[in-house]
Amino acid sequence: MILKYLLEKEFKQMLRNWILPAVFLLLPIAMMNLVPRVATQEVRGLKFCSVDNDRSTTSGKLMEKVAASDFFDLIAICTNYEEALRHIESGDADAILEIEPDFEHRLISEGKARVQISSNAVNGVKGGLGSSYLTQIINDFSKQLRNEHGILNTHNVNIDPEVRQRYLYNVNLDYKIFMVPALIAMMLVLIVGFLPALNIVGEKEKGTIEQINVTPIGRFDFILSKLIPYWCVGIFILSYSMLLAHLIWGFTPAGKLWVIYLFTTVFLLVISSLGLIVSNYSSTIRQAALVMFFFLVIFILMSGLLTPIMSMPQWAQMLTQFNPLRHFIEAIRALYLRGSNLTDLLPQLTYLGSFATTTWLWAIISYKKNT
Amino acid sequence: MSEYAIVAEGLTKTFGTFTATDHITFEVRKGEIFGFLGANGAGKTTAMRMLCGLSRPSEGRATVAGFDVEREAEQVKRNIGYMSQKFSLYDDLTVEENLRLFGGIYGMTSADIKHKANHLLSNLGLTDLRKAMVGRLPLGWKQKLAFSLSIFHNPKIVFLDEPTGGVDPVTRRQFWELIYEAADRGITVFVTTHYMDEAEYCDRVSIMVDGKIEALDTPSQLKKNFSVGTMYEVFYALARKAKRGAG
C-alpha cells in the first residue's frame, strides 16, 4: 500500500521536470526519422569511368545499363585505362569498367567476352559492394543478351551455374529495417539506464534520502517504486517508436507483439536495476553518470548493434555473453525482422531472465538504510 | 516499559581512526525536552544518526522507544520522527503532496492524511500555500513544515537536528511554541541547537565536547555548578577546551 504513495511521488517528480517528458517524446522522433537516413551502409551513386575499347552497339548497351542503375553514375568516358585511372587517383571516380576490343564479336562468335572491373578499395565497403554490384549488372546483361539473341554457348555445354543471391527476411537489403529495432534498443538502454542511475544518488545529494531512510519504509518497496516508473517510460518508448517506424517507414514487426513486450519488460528490469545499483554505490551524480557512461558505451559497442558479433575475435564473442544488450538486440531483431517466436528465443530469454533476477536482488541489497 | 524514551550505553562511532562519538552514556525520560548541545564537530549529529537507526554504532548500545537501534532499527523508525540539519522535504512536491507522501509511508489512510493535513495547515497558517511547491517557501516556513511533518504520524520521540539554524528570532520563538505543543501531546523531544537561549527552554541539556558528554543536567543546575548566570557561560567554559572545533 505504501507503494502507491511512493509511485505517486516518483511520477509527479518525473513529469514535473518538463525536460524529461520532452525527451521521451522528441528523442524517438529524432532517432526514427534521422538515423535510418544517415547511418546507412548502402552504397549508392558510385562514380565510374568507362573505357570502351570495342565501341559496338552491344558494349554501348552495357554501358547504358550500368549508368542507368541507381548505384552508378557515369562521370567520364575515357579512351584508355590510364586516363580512367587518373580519375580514380584524383578522387573523381570510384570504379572503372573496361570493355575489351572485339567484345561484341567474341560474344556472338564464341558466346563469351571479357570486361574488367577495377574499383578503389581504400574504402573497403564501397570498393567491395561497388564491384559486386557491377558484377551483378553484367550478369544480368549477359542473361538478357542470351534471351534476346539466342546466343548459346555451343562450345561449352556446362554453362557456369549462375550464382543468385536472395536475401531472406530483408528482401531488398534495406538497411533501415535492420536499424529500427537496434535504435529502439539503444534508446531504451540510454534512457532507462541513465535515469535510474541519477535518481537515488540525486536524492542523496539533495538530502531527501535521509528523510526516507529514517522511515520504516521497506527496501523492496522503495526499489520497486524507483523501477516501475522507468518500466513505464521504457514501454512507452517502445510502443511510440514502433508506431513511428510504422508511420514513417511503414515497418511493422514480423513477430508477435506480446513477445516483443515480454522481452522488453525483462530487459528493462535488467538495465534499470543496473542503474539503481550504480546509484546506490555512488555518492555524487557526477560519479554515477560517469560509471553508467562506462557501462553503456561498452554495452553498446559489444552488443552487435553497430558491428556484427560474428566478426569479433573469439574472446570478445565470449565476453558479449555477459552483455544483456547483446541478447536483447538479438531477440528484438529476430522478432522484428524474422518473426521468430518465443521458443526460438528461449536462450536469450533465459540469459535476460537470470540477469534480471541478479541485478534486481542486487539493487535491493545495495540500497542501505543505515551505514 | 521503562520510564526512559532513550537509553544510550557507551555509544561509539568511529570512522577509520577518528572517533566521532566516544562512549556516550545517558538517558532521556519520556515526555522530556532534551537539549543536546555541543560545538561544531563535537559528534552531535553522529550520535543522533545512530539513535535514529541511520548509522550503525561501532561500539556500545542504545535503545529508543524500547527498541535496540542496531538490531531493531526498523522498529525504532516506526516510533520516531526526524528532522535533519539540511532541509530534506521534496522541493518539487507541493506542501500537501509532501504531507500525503510521508503520511502514506507511515501507513496512514488517505482520509486520515487529509483530515490531519487540513488541521495542521490551518494551525500553521499555511492553508493558502497548500498547493505551493515546497522549494518556493521561505526558510522559516520550510522549517516549521519540516517539523510538523516529522511529528505528523504521532511518533513517540522526535529528533531535531539544529531545527532553527538560520531562522529569524520571531520564527524561532514560534518554532519553540510548536515544540512545546508537541511535548504537551506527550512526544519526547530530542533537540540539538547552537542557540543558548534555546537551551534554557529545555528540561535537561547535555553538552558534548570532542565526542564525549562533559555535562548533563537541568539548565538551572548547570548554571549553579559552574557558578555562572547564563547557559552561554556554561557552554563557553566547556567548549573552549575542545581540540576539534578549533578549525
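Just so it is clear, none of the values below were taken in a lab; they were calculated from the coordinates. Keep in mind the model is a prediction, meaning the values are calculated, not measured. As a convention, Cβ positions derive from the backbone with ideal geometry for all residues, glycine included, and neighbour counts pool all protein chains shown.
Descriptive notes on the structure:
- Residue-wise HN-Hα couplings along the stretch A:237-249, as the Karplus relation 6.51 cos²θ - 1.76 cosθ + 1.60 with θ = phi - 60° gives them from phi, are 5, 4, 5, 5, 5, 5, 5, 4, 4, 6, 5, 7, 10 Hz; Gly and Pro carry x.
- 222 nm mean residue ellipticity, helices alone, for chain B (DSSP H n ≥ 4; -39,500 (n - 2.57); rounded to 500): -10500 deg cm²/dmol
- Dipole magnitude for chain B: about 280 debye, using +1 per Lys or Arg Cβ and -1 per Asp or Glu Cβ, origin at the Cα centre.
- Total charge dipole magnitude, the protein assembly as shown, about the Cα centre, Cβ charges on Lys, Arg, Asp, Glu only, Debye to nearest 20: 1600 debye
- Scattering profile of the stretch A:46-149 at q = 0.22 Å⁻¹ [log10 I(q)/I(0), Debye over alpha-carbon scatterers]: -1.17
- Backbone HN-Hα couplings from phi across the stretch A:192-203 [Karplus 6.51/-1.76/1.60, Hz, Gly and Pro as x]: 7, x, 6, 4, x, 4, 8, 6, 5, 5, x, 5
- Taking amide H atoms as placed 1.01 Å from N in the peptide plane, the amide H of A:N53 lies under 5 Å from those of A:I99, each 5 or more residues away in sequence or on another chain.
- Taking each of A:K9/B:K77; A:K9/A:K226; A:K204/A:K226; A:K4/A:K226 in turn, the alpha-carbon distance tops 18 angstrom for A:K9/B:K77.
- GNM top mover of B:K156, B:K114, B:K30 - chain B, alpha-carbon springs below 10 Å: B:K114
- Among A:F103, A:F11, A:F263: highest mean-square fluctuation, GNM of chain A, C-alpha pairs under 10 Å: A:F103
- Chain A, relative contact order in percent, only Cα pairs under 8 angstrom and at least six apart counted: 18 percent
- Longest to shortest principal axis, alpha-carbon extents of the stretch A:1-98, angstrom: 86, 27, 18
- Cβ crowding within 10 Å averaged over residues, with A:94-101, B:55-62, A:273-280 ranked highest first: A:273-280, A:94-101, B:55-62
- Structural descriptor for the stretch B:107-201: relative contact order 26 percent, calculated from alpha carbon pairs under 8 angstrom and at least 6 residues apart.
- Springs join every pair of Cα atoms under 10 Å in this Gaussian network model of chain A, and among A:K206, A:K126, A:K226 the largest mean-square fluctuation is at A:K206.
- Over chain B, relative contact order from alpha-carbon pairs under 8 Å, at least 6 apart, %: 26 percent
- Under Karplus coefficients 6.51, -1.76 and 1.60, residue-wise ³J(HN,Hα) of the stretch A:107-123 in Hz, glycine/proline x: 4, 6, 7, 9, x, 8, 8, 10, 10, 10, 10, 10, 10, 6, 9, 4, 8
- Residue by residue along B:51-64, Cβ atoms of other protein chains within 10 Å of the local Cβ number 2 on average.
- Size descriptor, Kirkwood hydrodynamic radius, that averages inverse alpha-carbon separations across the stretch A:214-371, Å: 17.0 Å
- Distance between modelled label sites at A:I228 and A:I29, nm, 7 Å Cα→Cβ extension: 3.0 nm
- Summed residue charge, Cβ within 12 Å of A:G207's Cβ, Lys/Arg positive, Asp/Glu negative: -2
- Share of alpha-carbon pairs per 20 Å distance bin for the protein assembly as shown, given as whole %: 16, 33, 24, 14, 10, 3, 0
- Separation in nanometres of the label points that stand 7 Å from Cα toward Cβ, at B:Q85 and B:H119: 3.4 nm
- Using the Cβ-Cβ distance between A:L361 and A:L3 with R0 set to 25 Å, the FRET efficiency from 1/(1 + (r/R0)^6) comes to roughly 0.90.
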